[in-house]
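Step one of this worksheet: look at the structure below.
The values are calculated or read from the model by the stated rules, or taken from the named source; none is laboratory data. From a predicted model like this one, the values you see are computed outputs, not experimental measurements. We place every Cβ from the backbone using ideal geometry, glycine too, and count neighbours over all the protein chains shown.
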C-alpha cells in the first residue's frame, strides 16, 4: 500500500513544480503551492500510518494537521496580498510586476 | 603588575575623543588646547618612563592566547617619543591652520581634533604593541582617522585621493595580516617575543620563511612607500591638510620601518642575510627616484612628499645593510627626518596661510618678509641633507659607515658590487638631497620678491612656536646624540648578534 | 543543555543547547532594539496593534525555531515566523513596492517551506522519528550515504533552508523584500531571520553525520557563489537599503563558508560572525531607515552628505559601516579574522585567498557609501532635515554600543562561541538524554 501513495505524492510534487514555473496567474501560483504542501502532507500521513504495520504514530499526523492549518494561514496572507496587488496594479498577472529587479 | 602608565598614554586619547567631539561645539577653536593637554599628558607619561624602558601586559582573549601589552624598549623609545612630541606640537599648530582652512565652523573643530586624537593613539599603540594582533589593530586604527581627515579637509581631488590612500594601505595591511596568520599557524602564538623565540628555536624551511617574510615586508613597504609601492604617497601627502601631512610623512610612514626592524628582521634574519644586496639596490633606486622627482616639482608639498620617499630610501639602505651601525643610523634618520620634515611641512602650511599658494614658481624673496620662518626652513633642509651639527648628519654618517663595514666584512676579499652600490648611494644621496633642498630655499625665500610674497609677513606665534621647538630639538640632538645612541644600540646589538 | 519534556521520542520537545543560546541572544537583542526603534519609526502608520502583534510573533517564531528539539516543533515555529514576516514585509500595503516584494517573498519562501516539509516527511520515513536526536541515532549507519531517498530529502531541506538564508542561487527574493519592508523589520529580517536558515544548515552536522565530507564540499561551493554574487552586485547599487541587502547575502556566504569547514574553531568563528552580523546589520538598516524617515528617499545620490546634517545618526551609521567593513577595533574584524584563522588552520589556502579578496571588495563599497553619506557636501536640494527622534536613536545606540564593546573586548563572547562550536559537533551529549531514558 506504501509505494502507490508515495508515487502519487511525487507526481503531485511534479505537478506543483510545473504549475509554479509555467503559470503567470497569481491565484494559480498560490494553488501550486497548495498542491506542493498537500503532496508533503500525503507523504507524512502515509509514513505515519504504514511504516510500522498495525500502529499509527500520532506526532506525524499532528504535523500534517499543523501543516494544513499553516497552509491556510499562508493562503490567507497570499490572497490579501493579491487583493492589494490588484488595487495597486489593476492586474493579477505576475509578468506585470516587473518593477523590482531582484 | 606594573603601574598602568603606557596603557594610559594610548587609551586616554582614544577615550577622550568623543568628549573632544562633543566639547567642540561649545569650545569651538579652543578645543585645540584640550587636545594639546591630553597629548601632553601622554607625551609626559612616555618620556617619564623612557629612560629605562617599561613593559605592561593585560589579558585580552585568554582563550586564543591573545593579550594586550605595551612595551617601551630601546627600539620603541625613539619611535614613540617622536610620535608623541610631534603630535603634541602639531596640535597647537593645527589651531591657526584650521581656522584658516575651515573658518568659524565650531562643529568642524570637534570632529577634527577627535579624529586627530584617534590617529595619534593609533600610531602610539602600533609602536608600543607587544602582540601581533594588537599591532595590527592599532596599525589599522591609524588608517581610518587619517583617511577621514584627508577626505574631509584635504585639497584638490581630496575624496579620490583619500580613497586611493585607503585602498593602497589597506591592501598592504591585509597582506600583512595574511603573513600574521601564517606566523600564527606556524608558531601557534601571536606574542612578538613568543614568535621570535619559537622561530629561533624551531627553525622553518627556507622557502616558507621567504614566503612569509616577503608577505610581511610588502605589507610594511606599502605603508613606507618605497619605489614601486609609492604611488599613493605624493598624492596623499600633498593634498592632506598640512598638519596631517606633517604627521603622515614624518611620523606615520616611518612606523613601517619600526615594523620591519621589530618583526620582519627579528623573525626572519636569514631572509635578510640572503637578500641583503637586492634590497640595498632597491633602496638605492628609491633614494635616487625620490630625489630626482623632488628636484622636478613645483608644488612645495609634493616636493616634500618625494623627499620623504628619498629619506625612507636612506632608512631602507640602512636596514638592508644589516649591520648594527647602519640600523642605528636608520633610526637616527627616522628621528631627524621626523623633526625636519615636520618643520618643513609646517613651513609649507605657513606659506599657504600667508602667501596663499604653495607653488614655488609663484613664491620668492620671502626672507625679507618672514626671517624666522626662513631660518627654520633652512635648518629643516640642512637637517635632511645631513649637515653637521644637525641630527641628520649622524644618521647619514652611521648608515654609510655601516654599509662600508658590511662591504669590508667578507673575509675572502672585497664584495665589488656591494662596494659600488654603497659608494654610489653615499655620493648621489647627499648631493641630491642638498641640491633640491638648497635650490628650493633659494627659489622660495630669496631671489626677487614675488607678488604673493609682497602681502605676507610672519605667521601668528601659535604657528611659529611649534616650528621653533622642533628645530631646537633637532639641533640639540645633533650636538649631543649620545643620549639616543645609548638607549637604542643595545637592542639592535641583541637583534643582529642573536642571528 | 536544557531538554523539555525530559526525554521523549514521541512528544514534541525543546532542546536548548549552547548553539541555540547563541542564536537566541542576537534575536532578543535585535528584537528589543527594533521594537524600541519602531515606536517612533512607525508612528505615522495605522494598524499598529497588528504590527506589534506580528513583530512579537515573528520574534517568538525565530526563538522557537532555534530551540526546537524535533521537526514538529521546528516546523510549527518556522511557519509562525514565516507567515508573520510575509505580513510584515507587505505591511505598508498601499504602496507598490512592499506589495510586489512581499508577494515574491511569499511565493518563494512558502514553496521552500513546502519542499522542506516533503524533506521532513521522507526523513521521517527513513528514521521513523521526528526527534532530532532520534534521527541522529537512526542515520548513523554508513550505508545510508548512498540512499537516494536520503539524498532527495537532504536536497529538499537545503533548498528550504537555503531560500530562507538567501544562499545563491536562491537569494533573489532578499534584495527585494528587505528594502521594501519597514526598516525595523528589515533589520530583523537581515540581522537575524536569515540566520535561522543558517541554523538549520548547522543542525545537519548533528543530524546526518555520515555525510560530513559531501556536506562541507556542497556548502563551500554554495558559499563562494553566494559571497561573489552578494559583493559584486552590492557594488552596483544606488539604493542604500538594497546595497545593505546584497551585503547581507555576501555575509551569509562568509558564515556558510565557515560552517563548511566543519571544525570546532571554524564553526565557533561562523557563529561569532552570525552574532556580530546581527548587531551590525541591524544597526545599519535602522540607520538607513532613520535617513529614509527624515528625507523620504533611499537613493544614495540624494542622501549625499546627509551625515553632516544628522550628526548622531551619521556617526552611528559610520560605526556600523566600519564594523561590517572589518575594521579592527570593531566587532566584525574579530569574527572575520577568526574565520581566516580557522581556514588557514585547515590549510585551505586557495579558499582563504578568495575569502580575503571578498573582504577587500566589500571594503570598497562600504567605504564609498561612508564617503558619500558622511563626507560629501550636502546637495543643495536636500530637504531640511532634523535629527532622528530619541527612541530611534536609542534603538541604534544599543546595537552600536554592542558593536564597539565586542570589538574592544571580545574575550567573553569568543569563549561562548567556542562552547557553541563544540556543542554543534558533539553528537554524544546531544543524543544522551534520549539514550539515558
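Remarks
Results for (1) farther than 18 Å from residue C:220 by Cα; (2) at the interface with chain B (Cβ under 9 Å from one of its Cβ atoms); (3) surrounded by fewer than 24 Cβ atoms within 10 Å (Cβ to Cβ), shown as yes or no for each residue.
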{"position": "C:277", "(1), (2), (3)": "yes, no, no"}
{"position": "C:314", "(1), (2), (3)": "yes, no, yes"}
{"position": "C:368", "(1), (2), (3)": "yes, yes, yes"}
{"position": "C:371", "(1), (2), (3)": "yes, yes, yes"}
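- Only one of the listed residues (A:72, A:54, A:19, A:48) is more than 9 Å from chain C (Cβ to nearest Cβ) and touching a helix residue (DSSP H, G or I) at 6+ places or on another chain (Cβ under 9 Å). That residue is A:19.
- Contacts under 6 angstrom Cβ, first residue in segment B:148-164 being facing another protein chain (nearest Cβ under 10 Å) and part of a helix (DSSP H, G or I), partner at pLDDT below 90 and surrounded by fewer than 19 Cβ atoms within 10 Å (Cβ to Cβ), 6 or more apart: B:151/B:159
Table: residues versus (1) more than 7 Å from chain A (Cβ to nearest Cβ); (2) under 22 Å from residue C:128 (Cα atoms); (3) in contact (Cβ under 8 Å) with a residue 40 or more places away in the chain.
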{"residue": "C:67", "(1), (2), (3)": "yes, yes, yes"}
{"residue": "C:70", "(1), (2), (3)": "yes, yes, yes"}
{"residue": "C:73", "(1), (2), (3)": "yes, yes, yes"}
{"residue": "C:80", "(1), (2), (3)": "yes, no, no"}
{"residue": "C:85", "(1), (2), (3)": "yes, no, yes"}
{"residue": "C:88", "(1), (2), (3)": "yes, no, yes"}
{"residue": "C:94", "(1), (2), (3)": "yes, no, no"}
{"residue": "C:98", "(1), (2), (3)": "yes, no, yes"}
{"residue": "C:102", "(1), (2), (3)": "no, no, yes"}
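- Residue C:48 meets the conditions (1) over 25 Å from residue C:274 (Cβ atoms); (2) within 10 Å of another protein chain (Cβ to nearest Cβ) in every case but one. The failed one is (2).
- Residue match in segment A:88-99 (condition: within 27 Å of residue C:70 (Cβ to Cβ), within 10 Å of chain C (Cβ to nearest Cβ), part of a loop (DSSP other than H, G, I, E, B) and in contact with a helix residue (DSSP H, G or I) (Cβ under 6 Å, 6 or more places away or on another chain)): no
- Check on residue B:482, closer than 24 Å to residue B:261 by Cβ and modelled with pLDDT of 85 or more: yes
- Only one of A:43, A:12 that is closer than 17 Å to residue C:114 by Cβ, at pLDDT 90 or above and at the interface with another protein chain (Cβ under 7 Å from one of its Cβ atoms): A:43
- The test for being more than 12 Å from every other protein chain (Cβ to nearest Cβ), in contact with a helix residue (DSSP H, G or I) (Cβ under 9 Å, 6 or more places away or on another chain) and either free of Cβ contacts under 8 Å to residues at least 60 places away in the same chain or buried (at least 19 other Cβ atoms within 10 Å of the Cβ) (or both) holds for residue C:16.
- Residue match in segment B:79-102 (condition: within 14 Å of chain C (Cβ to nearest Cβ), out of contact with any strand residue (DSSP E or B) (no Cβ under 8 Å at 6 or more places or on another chain) and surrounded by fewer than 24 Cβ atoms within 10 Å (Cβ to Cβ)): yes
- Residue list for segment B:289-328, restricted to those being over 23 Å from residue B:438 (Cα atoms) and assigned to a helix (DSSP H, G or I): B:316, B:317, B:318, B:319, B:320, B:321, B:324, B:325, B:326, B:327, B:328
- Any helices (runs of 4 or more DSSP H) falling wholly within segment B:362-472 and containing at least 3 residues that are modelled with pLDDT under 90: B:391-408, B:416-445, B:451-454
- Checked against (1) surrounded by fewer than 18 Cβ atoms within 10 Å (Cβ to Cβ); (2) closer than 30 Å to residue B:11 by Cβ, residue C:319 meets all criteria but (1).
- Any hit, segment B:103-110, residues being over 30 Å from residue B:60 (Cα atoms) and crowded, with 24+ Cβ neighbours inside 10 Å: yes
- Filtered residues of segment B:103-137 (kept if within 14 Å of another protein chain (Cβ to nearest Cβ) and in contact with a strand residue (DSSP E or B) (Cβ under 6 Å, 6 or more places away or on another chain)): B:131, B:133, B:134, B:135
- Test result for residue C:400, closer than 30 Å to residue C:36 by Cα, within 13 Å of chain B (Cβ to nearest Cβ) and within 25 Å of the chain's Cα centre (by Cα): yes
- For segment B:156-185, a tally of residues being under 23 Å from residue B:21 (Cα atoms), surrounded by fewer than 22 Cβ atoms within 10 Å (Cβ to Cβ) and at pLDDT 90 or above returns 0.
- Scanning segment C:363-380 for residues that are in contact (Cβ under 8 Å) with a residue 24 or more places away in the chain and in a loop (DSSP other than H, G, I, E, B), we see that the one that is nearest to the chain's Cα centre (by Cα) is C:376.
- Residues that are in a loop (DSSP other than H, G, I, E, B) and either within 30 Å of residue C:36 (Cβ to Cβ) or facing chain A (nearest Cβ under 8 Å) (or both) are absent from segment C:104-118.
- Screening residue C:217 on (1) part of a helix (DSSP H, G or I); (2) within 21 Å of the chain's Cα centre (by Cα); (3) farther than 30 Å from residue C:28 by Cβ shows it passes everything except condition (2).
- Residues that are farther than 24 Å from residue B:245 by Cβ, buried (at least 22 other Cβ atoms within 10 Å of the Cβ) and under 18 Å from the mean Cα position of the chain (by Cα) do not occur anywhere in segment B:366-388.
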